[in-house]
Amino acid sequence: MLKTLASHNPDLQRLLEKGYALTIDSNYLVVRDIPYLDSAGQLQWSAFVGKLVLEDQTRIRPENHQIFFAAPRPFGLDGNVVRGLGGGEATLSLSESCSDIMVKQSFSHKPKENGQLRDYLDHFEKIESYVAMVCGPAMARFGVSPYTFREYQEETSNSVFKLRDTLTSRAEISDLAKLFENDVIAIIGLGGSGGYVLDFMVKTPVREIRGFDPDSFFVHNAFRSPGHLNVEEGAELRQSKAEVYRKRYENFRHGLTIRPLFIDETSAAELDGVTFAFVAVDKGSSRKRIIDLLIAKNIPFIDVGMGLKRRGGPISGTVRTTYFPRDYGQMVRRKCYVPETDPPDDVYKSNIQIGELNALNAALAVLRFKQIRGLYAGPEQSNQLLLTLDNLSLLVPDED
């Protein structure tokens with residue numbers, strides 16, 4: 001990756017040619033072999049770590065003027081802490097190939113031009129500026145240099161994404177992203193809410209996603225599903241939802257399989273290896289058969305649904321998110337949170353266009369899943385969330 005990026009970014013190439021020991025790790029630029037003076041005036045070695053912003057698949061730039069440092073504050077020849085370095089204590093998670101680097105500080109320094117502060121032009125100017133400040137005293141006292149021309153092994157990419165995942169590094173949540181690396185997710189039903197669940201999960205670093213829906217994609221689906229509609233030559237309308245969504249997301253990630261299948265008690269093999277499931281179907285009798293299967297296979301899952309009514313005025317009702325934990329699915333089922341019959345007066349069955357509620361229902365479900373995995377803070381065992389439209393209140397019923 002480093003050589004590929006250097007071939008498209010002259011500033012990285014200049015750093016390599018000057019002898020800096022560079023690697024790319026988790027969308028950070030790592031510069032090892034950085035000498036500095038400690039508080040006793042002794043020579044120590046450390047590393048800089050800078051965030052990368054990918055403008056496309058090959059062009060990069062520094063995110064800002066700040067940089068991380070894998071050591072305590074550096075000292076100058078006068079025995080005082082190097083001046084002009086803002087920032088403070090910081091931590092950062094890198095990959096196993098950079099386990100030798102333990103970030104302890106962040107520095108904040110901008111160059112001046114004509115008396116005015118400005119951003120760095122590129123990585124070369126940024127690294128050179130911090131090297132002058134941090135390494136200068138050690139270079140003067142001990143005759144050392146950061147220009148070692150040393151090559152380090154880069155992180156082996158095993159990303160599920162076909163694009164480089166810059167989200168986790170920019171948000172500094174690479175450690176939390178690892179919580180999903182062994183997950184195999186099933187999404188049963190790709191209508192309104194299920195389509196949004198798929199959209200959110202495609203961008204989550206789970207190992208595999210399996211989507212299931214036997215129906216075709218019609219005009220009403222376009223009004224309550226994420227993404228654009230490709231209407232040229234009828235490219236999407238009347239095709240299976242599985243094919244529509246496969247084409248929509250196949251360029252984004254690996255490990256995505258979407259099949260035009262109806263899931264019921266005969267579909268056990270389709271769910272082998274699944275670690276978590278989302279159920280988004282609007283027919284109670286179908287939901288019952290799916291729940292039978294998931295509980296029999298002891299797969300934890302979240303069921304989403306809406307109870308909507310209209311009696312001469314605005315639509316009212318609730319948006320529901322129900323969690324069935326592993327080993328306790330039958331217990332939650334007995335609480336009758338989830339309808340397993342088909343209410344005759346449910347407005348939702350008329351295909352009313354409520355994309356915002358579908359998105360909200362899906363967002364609550366995915367947020368709940370990520371709470372369970374530990375990405376978000378929140379109660380692990382809460383089984384039922386109800387959002388009431390009338391007053392936009394979120395109800396969490398007391399658990400027995």
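The values are calculated or read from the model by the stated rules, or taken from the named source; none is laboratory data. Quick caveat: nothing in here was measured; it's all calculated off a predicted structure. So basically every Cβ, Gly included, is an ideal-geometry build from the backbone, and we count neighbours across all protein chains shown.
Numbers for the structure displayed
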{"quantity": "Test: residue in the stretch 44-59 that is over 31 Å from the mean Cα position of the chain (by Cα) and over 28 Å from Lys3 (Cα atoms)", "calculated": "yes"}
{"quantity": "Top-ranked residue of the stretch 181-201 - restricted to ones that are of a type outside the set (A, V, I, L, M) and outside any loop (DSSP other than H, G, I, E, B), ranked as surrounded by the most Cβ atoms within 10 Å (Cβ to Cβ)", "calculated": "Ser193"}
{"quantity": "Wholly enclosed strands (runs of 3 or more DSSP E) of the stretch 202-302 bearing at least 3 residues modelled with pLDDT of 90 or more and touching a Ser or Thr at 6+ places or on another chain (Cβ under 9 Å)", "calculated": "208-212"}
{"quantity": "Filter result for Ser46 (surrounded by 21 or more Cβ atoms within 10 Å (Cβ to Cβ), out of contact with any strand residue (DSSP E or B) (no Cβ under 6 Å at 6 or more places or on another chain) and among the small types (Gly, Ala, Ser))", "calculated": "no"}
{"quantity": "Unmet requirement for Asp38, which otherwise passes all of (1) within 17 Å of Met102 (Cα to Cα); (2) buried (at least 21 other Cβ atoms within 10 Å of the Cβ)", "calculated": "(2)"}
{"quantity": "The stretch 344-396 - residue that is of a type in the set (Lys, Arg) and modelled with pLDDT of 90 or more and, of those, nearest to the chain's Cα centre (by Cα)", "calculated": "Lys370"}
{"quantity": "Subset of the stretch 276-304 [more than 15 Å from Asp183 (Cβ to Cβ), of a type outside the set (A, V, I, L, M) and out of contact with any Pro (no Cβ under 8 Å at 6 or more places or on another chain)]", "calculated": "Asp282, Lys283, Ser285, Ser286, Lys288, Arg289, Asp292, Lys297, Asn298, Asp303"}
{"quantity": "Every residue from the stretch 49-65 that is touching a Lys or Arg at 6+ places or on another chain (Cβ under 8 Å) and surrounded by 15 or more Cβ atoms within 10 Å (Cβ to Cβ)", "calculated": "Gly50, Lys51, Leu52, Leu54, Pro62, Glu63, His65"}
{"quantity": "Tabulated pairs, the stretch 63-75, first touching a residue at least 24 places away in the same chain (Cβ under 8 Å) and in the same structural domain as Gly136 (by TED's automatic domain parsing), second part of a strand (DSSP E or B) and of a type in the set (Phe, Trp, Tyr), C-beta under 6 angstrom, 6+ apart or interchain", "calculated": "Ile67/Phe48; Ile67/Phe107; Phe69/Phe107; Pro74/Tyr36"}
{"quantity": "Complete set of residues in the stretch 80-101 that are in a loop (DSSP other than H, G, I, E, B), loosely packed, with under 12 Cβ neighbours inside 10 Å and free of Cβ contacts under 8 Å to residues at least 40 places away in the same chain", "calculated": "Asn80, Arg83, Gly86, Ser99, Asp100"}
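Rundown of residues vs (1) touching a residue at least 40 places away in the same chain (Cβ under 8 Å); (2) more than 26 Å from Gln381 (Cβ to Cβ); (3) among the aliphatic types (A, V, I, L, M), yes/no style:
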{"position": "His220", "(1), (2), (3)": "yes, yes, no"}
{"position": "Asp282", "(1), (2), (3)": "yes, yes, no"}
{"position": "Ala296", "(1), (2), (3)": "no, no, yes"}
{"position": "Leu308", "(1), (2), (3)": "yes, yes, yes"}
{"position": "Pro314", "(1), (2), (3)": "no, yes, no"}
